[in-house]
Amino acid sequence: MSSPSAVHRTGRLETYSYDDQIVRMFIVATIIWGAVAMLVGVTIAFQLATWKMNFGLQWITFGRLRPLHTNAAIFAFCGNAMFAGIYYSHQRLLKARLFNDVLSRIHFWGWQAIIVSAALTLPFGITRGKEYAELEWPITIAIAVIWVVFAVNFFGTLIRRRERHIFVAIWFYIATILTVAVLHIVNGLGLPVTIFKSYSVYAGVQDALVQWWYGHNAVAFFLTTPFLGLMYYFVPKAANRPVYSYRLSVVHFWSLVFIYIWAGPHHLLYTTLPEWVQTLGMVFSIALWAPSWGGMINGLMTLRGVWDKVRTDPVLKFMALALTFYGMATFEGPLLSIKSVNSIGHFTDWIPGHVHAGTIGWNYLLIAGILYYMVPKLWNTEIFSKKIANTQFWLATIGLALYYVSMVSAGITQSLMWRAIDVNGKLVYPNFIETVVKIVPMYWVRAFGGTFVFISFLLMTYNLFKTMNQGTIGEIEVFEAYALDDSSLEENAGHHRKLEGLPMVFAVLSLIAILVGSAIEIVPSLLSNQYITKIDAVKPYKPLELLGRDIYLREGCYLCHSQQVRPMAHEVLRYGKNSEAGEFIYDHPFQWGSKRTGPDLARIGGKYPNMWHYRHMINPRDVTPQSIMPIYKWLVEQKLDLSTLTKKLSVMKQLGVPYSDVDIASGVENAQAQAKLISADLMNQGVPKEVEDKELIALIAYLQRMGTDYGSLPVNK
Amino acid sequence: MDKDIFNHFNQPWLPMTALGIFVTCFIIYVYWTYKKSNKKFYENSSYMPLHDGVKHER
C-alpha cells in the first residue's frame, strides 16, 4: 500500500532520490556540538560545587559559560539533531527530494556559523541579558534569516511532494517552524547601540512577559514539538509497527499546539505580573497534562508487540526511556505551575532538575535512539557495538537519576530553609549562606551525575564514528512514485481530510492556533502603560548606574541572583518590601532572574557600604566565608568604557526612558562625577586611587541604586 | 497593588473567548477524527512511516 487513503493511484510515474548527504552533515554536527554542550555543562556544574573551578578567568566564569551551555545544548545539539531528523523523515514521508540542495547547504553552514558566533561572543560577555535569548542582535538577525532558508526549503519540499496526505509528524514540524519564527522575532526586538550591544525594546513587566512567553515556548516548540514529530516517524520505523493511534495523534497535535502557547506565565507566578495572567498560565499548564500524556502513551503503545526487542535493540531502548522521561517531565511541569507548588520550587534547584529531566531524559535519549537508527542506514552498515550502546544507556540513566534526585532534594531543602519562620515571627535561617552550604554536597552529586551523562555521550560519539568508519555511503538510491495528480484525491473527502492535503492552509490554521494564545498573553504587555501604576519615586538610572547595569548583564549575574521579592512573609522578612510592577519600567531588559544560587538583589541598594561590595567582588570569601560565588578581580583591573555612554543614553531615550537632551549631553561628565564620589569613599578606607576609572565602580553604583527608589518609601505607599 | 492591576485590567472576556474558541475547535476535531467513516483512512495513515522506501510503486 502506498497511500493511506488506499486510493488507486494512476498517472505519471516519476523517479527521485533523497538528499541524504545533508542529513549526514547535520548528524556529524549534532555529535560534535552535543559533546561541546555537555562538556560546558559539566564544567559549570563543578563551578557551582566549588568556586575554584572558575579559575579566576572571566571568559570561563560561570555567568559567561552558563549561557554558552544552554545555547549549545538547545540550538547547537538539539537544533542540529532536529534538522537531521526532519530532513531525513520529511523527504521519505513526502516521497520527494529536498526542495533545493543549495538552500540545504546554506541552512547547514549558516547554522554552524551562528553556533560558532555564539561560542565566540558569549564567553566575552557579549549578551542581551535575556535567558535563552542571549545572542546579540547581528546573530539574532542571522538566526531569523537561516530559519527562513530552512522554512523555504521545507515548504518547497511539501509543495513538490508525491504523497497527498501529510503525515502527522510533518504537522509538528510545520508548527515548529512557524512558532519559533514568531517567538524569535517578537522577543528579539531591540535597538542596537553598537555592533555588540543592544537594548530590548521591552522593559520590566512587559519584557518579563514577552521573555517567558518566548522562553517557555522555546522549550515547547524547539525541544518538544519537533521531537514529537520525530517520535511519530522514528518510533514506528524502529519498531516496524504502525503508530498506535493515528487519531489520537491528530487530537494530540491540535491540543498541544493550542494549549502550549498559553503556559509561559507559569514562570512568573507571584511576581508583579497581573494576577489573571498568572492564573491563566497556571490553568493552561495543568491542561497540558492531557495532550502531553496522550502523546507519550501513543508513543509507548506503538511499541506494543515488540517489548522483547526493547531489551536488546539499542534504538528502541533509548526511545522507550526517552518517552518515559517525556511523560515524567510533562507531569512535573504542570505540577510545578500550580501556584502553591511553584512557591516552593521556583528560584530553587528543583527547576534545573526538572529542565534536565526533559533535556537529557527526553531530548538526549531520543536523539541517541534516532542517531542509532539513522547512522547505520545512511552508512549502510550495522551499529559498531551494541555493548557500548548498552553501557551508554545505563551510564546516561544513572547519571540522570543522580542529577535529578540531587537537584530536587537541593531545591526542596533550600526552599524549606528559606521559608522557615520561628514562633517569634523571625527567620530561622536569616543568613542566606546557611541555605547554600546545606546544598553544596548535592551540587557535587549533580556534577558527578552530569559527568556520567557526559561520558555516556562520549561513548556514543565513539560508537557512531566507528559505525561510520566501517560503513560506506554507497550509491545514491533511486525511488519511484506517482506524481501528485488528481488520482491521489479521495472521493467524498471531508474538510479536515482536504485540509491535511493543503500545507499552506494547514500552516495558516496552525499559526492562528498559536497566535490566539499569544495575542491574549501579549495584550497586557501592549497595554502595560494602562495597568502599571507609575511610582513617582522611581527615576531612570544615572549614567554610571546604567553602565554598571550593563556589566551586571555581561557577567550574567541574573543567572544566580533574582531581582524580584515575592509577596510572601519569609521573602519580605529576608529582603524587604515586595516588588511592584512600577519599579521596573526603565529596565531594558528586565533582570528578575529565574534562580537564586545567591540571594535576591532587588533591595540590595544601601544594604551594605561601598567597601563591602568592593571586597565582595574581589573575593567573596572575605565578607562571606563559605560563599560559592566566583571572584571578579578583573573588574578592578579593566577600565570602564565611557565611549558608548552617550549612545546608550540616546537609545534608552528612544525606548521611552525620560532622559533629557541635557542628561544625555552631560552623561559622561555625570558618570565621572559619581565615580569620583564612590572611589573617594573607597580611598578613605585604603583602596588605591587607580580604582576610580575601573568597571567595579560602575557596578557598585548600580548595586547601590537597586531597589532604593521604591524600597525607601514607607510601606503604606 | 495586585488589586489595582485587576481593577485596571479586568477583562475576563479575553481568556473566556479564547477558551470558547479552543473548546469549539476541540469538539469539532475530536468529532471529525473519531467519526466512523474516517476510521479506515486514519488506520491506514498510521502505516505511512513504514512505506517510505518503496522502489517500485506499481
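Laid out as a table, the results:
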quantity: Simple Cβ-charge dipole of the protein assembly as shown, Lys/Arg +1 and Asp/Glu -1, about Cα centre, in debye nearest 20; calculated: 1300 debye
quantity: Share of carbon and sulfur in the accessible heavy-atom surface of region A:23-522 [1.4 Å probe, %]; calculated: 71 percent
quantity: Span-rule helices in chain A, defined as complete DSSP H runs reaching 24 Å or more along the axis (Cα) with Kyte mean at least -1.0; calculated: A:20-49, A:101-121, A:137-159, A:168-188, A:314-337, A:386-419, A:432-470, A:503-526
quantity: Cut-off under 5 Å, modelled amide H: who pairs with A:Y482 long-range; calculated: A:E14
quantity: Inter-centroid distance (Cα atoms) of region A:26-101 relative to region A:618-646, Å; calculated: 29 Å
quantity: Ellipticity estimate at 222 nm from DSSP helix runs (n ≥ 4, -39,500 (n - 2.57)) divided over the protein assembly as shown, nearest 500; calculated: -19500 deg cm²/dmol
quantity: Pairs of Cα atoms farther than 20 Å apart, region A:595-711, %; calculated: 50 percent
quantity: Under the Karplus curve 6.51 cos²θ - 1.76 cosθ + 1.60, θ = phi - 60°, whole-Hz ³J(HN,Hα) for region A:472-482, x wherever Gly or Pro sits; calculated: 9, 6, x, 7, 6, 7, 10, 10, 9, 7, 6
quantity: Inter-centroid distance (Cα atoms) of region A:322-376 relative to region A:228-245, Å; calculated: 21 Å
quantity: Inter-chain Cβ neighbour average for residues A:234-244, partner chain, 10 Å; calculated: 3
quantity: Calculated log₁₀ intensity ratio I(q)/I(0) where the Debye formula runs over C-alpha points of region A:23-522, q = 0.07 Å⁻¹; calculated: -0.37
quantity: Theoretical gain in end-to-end length, A:D101 to A:F155 [0.36 nm per residue, Cα-Cα removed]; calculated: 18.1 nm
quantity: In the B-A interface, the accessible area buried, summed over both sides, Å² (probe 1.4 Å); calculated: 4700 Å²
quantity: Inter-site label distance for B:Y47 and A:S385 at 7 Å from Cα along Cβ, in nm; calculated: 4.1 nm
quantity: For chain A, the longest site-free run once GluC sites (Glu not before Pro) in DSSP loop states with at most 16 other Cβ atoms within 10 Å are removed; calculated: A:1-381
quantity: Residues whose placed amide H lies under 5 Å from that of A:G190, excluding near-sequence neighbours; calculated: A:V201
quantity: Difference of contour (0.36 nm per residue) and Cα-Cα distance, A:V145 to A:W289; calculated: 48.4 nm
quantity: Listed residues A:L635, A:G576, A:A675: farthest to the positive end of the dipole of region A:543-711 (Cβ charges); calculated: A:G576
quantity: Separation in nanometres of the label points that stand 7 Å from Cα toward Cβ, at A:F331 and A:M683; calculated: 6.5 nm
quantity: Heavy-atom accessible area per residue - the protein assembly as shown, 1.4 Å, Å²; calculated: 37 Å²
quantity: Span per principal axis, largest first, for the Cα atoms of region A:179-258 (Å); calculated: 55, 25, 13
quantity: Partner chain coverage, peptide B:30-40 - average Cβ within 10 angstrom; calculated: 4
quantity: Estimated FRET transfer efficiency when R0 is 30 angstrom, pair A:M504-B:T24 (beta carbons, to 0.05); calculated: 0.80
quantity: 5 angstrom amide H check on A:D349, placed H, neighbours 5+ away; calculated: A:G411
quantity: Stokes-Einstein D for region A:18-82, Kirkwood Rh over Cα pairs, 10 °C, 1.306 mPa s (µm²/s); calculated: 126 µm²/s
quantity: Net length gained if the chain between A:E275 and A:T15 were fully extended (0.36 nm per residue, minus Cα distance); calculated: 87.7 nm
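The values are calculated or read from the model by the stated rules, or taken from the named source; none is laboratory data. Since we're looking at a predicted model, the values are computed, not measured. Here the Cβ is made from the backbone with ideal geometry for all residues, glycine too, and neighbour counts use every protein chain on show. Protein only, heavy atoms only, side chains kept; ligands, DNA and RNA dropped before computing areas. Shrake-Rupley method; radii C 1.70, N 1.55, O 1.52, S 1.80 Å.
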